[in-house]
Amino acid sequence: MIIKHAAAPDAGTLAVRPDRAAELLDTSRRTIYLLMATGELRWFYIGSARRRITIADIEAYIERQQAAAS
């Protein structure tokens, strides 16, 4: 699945901050951090304190949610 939305990142963007992921998924930052804490949304650090979520992981999360709803 490819995110196609006005809020979608540029084609060259590979990873986004949690607040940007919340915007892409139209949810709250709190929800994103809960998804990260439970492992439902994978993330990694850049440097010592900058969390990032890959666009591929956001798309995989969406696919899992769609499959669960079917």
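Below is a table of values for the structure above.
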item	result
Qualifying positions in segment 9-34 - open to solvent by less than 60 Å² (accessible area, probe 1.4 Å) and over 13 Å from residue 52 (Cα atoms)	9, 24, 25, 27, 28, 31
Residue tally, condition open to solvent by 80 Å² or more (accessible area, probe 1.4 Å) and polar (S, T, N, Q), over segment 41-56	1
Close pairs from segment 33-58: first closer than 21 Å to residue 11 by Cα, partner in a loop (DSSP other than H, G, I, E, B) and hydroxyl-bearing (Ser, Thr, Tyr), Cβ under 7 Å, at least 6 apart	55/13
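The values are calculated or read from the model by the stated rules, or taken from the named source; none is laboratory data. Everything numeric here is computed off the predicted structure, so don't read it as measured data. Cβ: placed from backbone, ideal geometry, glycine included. Neighbour counts: every protein chain shown. The accessibility values were calculated without ligands, DNA or RNA, using every heavy atom of the protein model including side chains. Shrake-Rupley method; radii C 1.70, N 1.55, O 1.52, S 1.80 Å.
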